Every structure is written in structure tokens, then in C-alpha cells.
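**Student:** Got a structure for you, written out below as C-alpha cells; questions coming shortly.
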Amino acid sequence: MAKKKANRRANYQAPPPSAKAPNRAGAKVADTSTSVPSRPSRSQRHRSATLSWWLLGGGIVAVIALIVVLTSVLGEDQTGVTDREGWDLPALDADNDPDGDGRVTLAEFQGTPVVLNFFASWCVSCDRELPIFRQAVDAFGDDVQVLFINSNETGNWRPMVERAGIDDQILIDDIGGNRNNGLYRSLGGSGGLPLTAFYDAGGNVVDVFPGEFDANSLYSAIQSLTS
């Protein structure tokens, strides 16, 4: 009988560390129970709900702002032709589109000399010269068509346009190239602004001027174009 008892003890396997060992009489047992978490108070739930709504509202506002900025920067229509003497481009501001079709083409102004001024929101020189071009619009009237084209844009063009007072003029959106500057590149632009192209009444490029105009130089150039 003693031999049988010894064999039974030899086959005994201690429980693994993760399992509970049998409790012996008098041994202390650690309390491993998990207490039930207390329910948040009404004020805590209200603050949490308010914060969630604020975060949701802020996210919606951020998305809308991003859409507005991207629309301003990229334009809604990014198709067209950037040939230097046959361009067909999206209107930057549909409210001032002459035909109301969302497009501006060089062919629309056949029979009238055209001055095409390139600008971007980051261009300090553009900011200075745009009001001079606006004055030229009034000074030369129907003798010449002055157009403004947003190119190489990286920000929001609208504040500059409003400062210069050209928000009621025909505004064009350049496309293509390596940074929405396809026509700019076609006319020989190499990265800097401003740049101004002069077309005769037949739609031929007469001159391309890189750099900032003062009033006397601009008026002289336009008079040469219309004489």
C-alpha cells in the first residue's frame, strides 16, 4: 500500500504559474477580483458629449475650409490648351467670364491687342504692379484688352486681386506645366514673376516682358501695341 501511495505522488504536477494553486487551510488568498467601475456622473457625461460635438464641428469646419482653399488654388476646371498663340483656359472667376461658359480663349479677342499679365499671391512685385495695370484698363478702354492670369500659384489669389481692384476684370487660371504654369512656360517663363505678354490684334506674340512694370513703361508698351 505504501508503494502505491508513492506512485500517485510522483504523478502529481504542480499547477502552472498562471493557475490558482489549491488553497490550504489557513493560507491567505490574494484578492484578485475586479471592482465594478463607478458610473460617470451626469455632469461628466454632459462635458464629454459637449467636447465630442465641438471636435466634430471643428472637423467639419476644417474640411470645408480645405475645400475652399483647394478650389481657390486649383480651380474647378483643370483642362485646356496652353499654346502661346492658341490658348484656351479656365476662367479663374466665373462671374467675370465674358461668354459665361467658364472658359477664356485668345481667339475671343481677335481684332483687339491683348496684354496678358501673370501673377501669383506670393509675388510681391505683382502686388505692386497690379494696380498700375488696373489703371491702364481705364486709360486705354476698348483700344486694348488687359487680361490677368493666375500662374505658379501656391496659396490664395483672391486677397491680392481684391487689393488691386481687378476683381471685376477677366481673370484666367493657368494649368499644366509643373505647377499650374503651362502657358507661362509656353511663353518662356522660367520661374519668376511677374511676366507680361503682348499680343497684336491678330493674336501674335509681339513681346514677352519678365519683371515689374512702372506706369510710364507699361503705358509706353501699350501705346506701341495700339499705334
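Every number in this text was worked out from the coordinates using simple rules, so none of it is lab data. Here the structure is a predicted model, which is why all the values come from computation and not from measurement. Neighbour counts are summed over all protein chains in view; Cβ atoms, including those assigned to glycine, are modelled from backbone coordinates with ideal geometry.
**Student:** State whether one or more residues within the range 183-195 are under 17 Å from PHE118 (Cβ atoms), of a type in the set (D, E, K, R) and not in a strand (DSSP E or B).
**Tutor:** Yes, some residue in the range 183-195 is under 17 Å from PHE118 (Cβ atoms), of a type in the set (D, E, K, R) and not in a strand (DSSP E or B).
**Student:** Taking only the range 158-180 into account, find how many residues are assigned to a loop (DSSP other than H, G, I, E, B), within 20 Å of the chain's Cα centre (by Cα) and surrounded by fewer than 23 Cβ atoms within 10 Å (Cβ to Cβ).
**Tutor:** 7
**Student:** Also: I'd like to know if the range 211-227 contains one or more residues that are touching a Leu at 6+ places or on another chain (Cβ under 8 Å) and surrounded by 14 or more Cβ atoms within 10 Å (Cβ to Cβ).
**Tutor:** No, the range 211-227 contains no residue that is touching a Leu at 6+ places or on another chain (Cβ under 8 Å) and surrounded by 14 or more Cβ atoms within 10 Å (Cβ to Cβ).
**Student:** What number goes with the only condition from (1) over 20 Å from ASN96 (Cα atoms); (2) out of contact with any Pro (no Cβ under 9 Å at 6 or more places or on another chain); (3) acidic (Asp, Glu) that GLU153 does not pass?
**Tutor:** (1)
**Student:** Across the range 196-223, what is the number of residues that are in a loop (DSSP other than H, G, I, E, B) and under 11 Å from VAL115 (Cα atoms)?
**Tutor:** 3
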